[in-house]
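Here is the structure we will look at, set down as structure tokens.
The values are calculated or read from the model by the stated rules, or taken from the named source; none is laboratory data. Not measured: the values here are computed from a predicted model. Reconstructed Cβ throughout: ideal geometry from the backbone, glycine too, with neighbour counts over all protein chains shown.
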Amino acid sequence: MTASFSVLLSIYYKEDPTHFDEALTSIWDHQILKPNEIVLVKDGPLTPELDDVIKHWKQKLGDIFIVSALEKNEGTGRAKNHGLQLCNYEYIAIMDTDDISVSNRFQMQIEYLEKHPNIVVLGGQLQEFVGSLDNIISEKNVPLSHNDITSFSKNRSPFNHPTSIYKRKEITEIGGYKHHLFMEDYNLWIRVLSKGYQTANLPDILLYQRISNGMHGRRRGWQYIKSEWQMFKLKCSLKYQNRFNAFLLFLLKSSIRILPTSLLQKIYNTFLRKKIDSSN
């Protein structure tokens with residue numbers, strides 16, 4: 001018997017209704033293995049156009065589509081944590097409201113988890129696109145084995161968050177998502193790994209992530225530096241990383257966060273992404 005699972009999303013007013021509808025289509029109409037429920041958290045009031053998309057999908061899916069609304073915008077971490085409490089099944093798959101899951105994503109992940117019941121978090125690879133899937137520009141790769149994931153996590157987030165699926169019980173027991181601006185997912189993974197939970201990433205492309213031109217280059221400024229400091233403190237409090245090494249990493253990442261936008265974009269493109277020639 002195939003394991004039951006939920007899909008969890010949160011949305012706020014700046015999302016594009018067309019992209020949102022495409023995301024939902026990818027996790028329902030186009031999926032070989034469909035979720036038992038889709039849980040959507042409205043992170044504050046939305047535009048009428050977004051509410052219309054939600055109304056359409058509620059009429060289409062009925063009780064499978066669970067919608068909960070927060071009175072005001074709380075941020076993605078708090079919204080996801082609210083949704084986590086509403087999920088009813090053993091496994092919870094994460095999805096962003098402007099991305100596109102591949103048609104066999106859930107089938108691959110559930111089959112793997114059924115064969116490896118010790119795995120608490122399972123992710124995979126993704127490709128980034130601008131505008132449409134005809135314009136895939138880069139690939140974001142993460143390590144596959146638990147040991148490599150743990151080593152990788154000392155420096156960077158070891159999962160592509162919107163590809164992840166995890167066990168509800170274990171994630172709830174460690175407190176779910178915490179408010180950590182720009183880094184709610186990385187914060188969660190550090191706490192998962194510090195508890196010794198087993199993890200893995202599939203080698204397959206599971207998702208196409210929508211980005212805008214120059215998006216990575218805008219990941220700069222004092223708010224990001226404050227988040228880097230919060231991450232440093234978390235690693236130290238959990239004794240997850242040597243304090244000296246963690247502090248050196250904080251200094252390195254903070255210095256990058258104050259670089260000019262164009263230079264920061266080049267760093268992302270050169271060192272943190274695998275470029276793809278979409279003309280081939």
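A few notes on this one:
- Identity of the residue in the stretch 130-156, more than 17 Å from the chain's Cα centre (by Cα) and among the charged types (D, E, K, R), that ends up surrounded by the most Cβ atoms within 10 Å (Cβ to Cβ): 154
- For residue 62, the requirement of being more than 17 Å from residue 15 (Cα to Cα) and either at pLDDT 95 or above or within 17 Å of the chain's Cα centre (by Cα) (or both) is met.
Residue-by-condition table, conditions (1) within 30 Å of residue 170 (Cα to Cα); (2) assigned to a loop (DSSP other than H, G, I, E, B); (3) modelled with pLDDT under 80:
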{"residue": "201", "(1), (2), (3)": "yes, no, no"}
{"residue": "229", "(1), (2), (3)": "yes, no, no"}
{"residue": "232", "(1), (2), (3)": "yes, no, no"}
{"residue": "236", "(1), (2), (3)": "yes, no, no"}
{"residue": "239", "(1), (2), (3)": "yes, yes, no"}
{"residue": "245", "(1), (2), (3)": "yes, no, no"}
{"residue": "252", "(1), (2), (3)": "no, no, no"}
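- Residue within the stretch 70-89 that is under 29 Å from residue 130 (Cβ atoms) and assigned to a strand (DSSP E or B) present: no
- Any hit, the stretch 59-70, residues being in the same structural domain as residue 184 (by the TED database), more than 19 Å from residue 93 (Cβ to Cβ), of a type outside the set (Ser, Thr, Tyr) and in contact with a Gly (Cβ under 7 Å, 6 or more places away or on another chain): yes
- Selected residue (only one of 38, 27, 54, 11 is over 24 Å from residue 206 (Cβ atoms), buried (at least 16 other Cβ atoms within 10 Å of the Cβ) and hydrophobic (A, V, I, L, M, F, W, C)): 54
- Number of the condition not met by residue 181 [criteria: (1) assigned to a loop (DSSP other than H, G, I, E, B); (2) modelled with pLDDT of 85 or more; (3) assigned by the TED database to the domain that holds residue 124]: (2)
- Test: residue in the stretch 35-50 that is assigned to a loop (DSSP other than H, G, I, E, B), more than 19 Å from residue 76 (Cβ to Cβ), of a type outside the set (Lys, Arg) and in contact with a strand residue (DSSP E or B) (Cβ under 7 Å, 6 or more places away or on another chain): yes
- Candidate set from the stretch 109-164 (those that are among the polar types (S, T, N, Q) and part of a helix (DSSP H, G or I)); member that is nearest to residue 9 (Cα to Cα): 163
- Subset of the stretch 157-193 (residues that are small (Gly, Ala, Ser) and surrounded by fewer than 22 Cβ atoms within 10 Å (Cβ to Cβ)): 157, 175, 176
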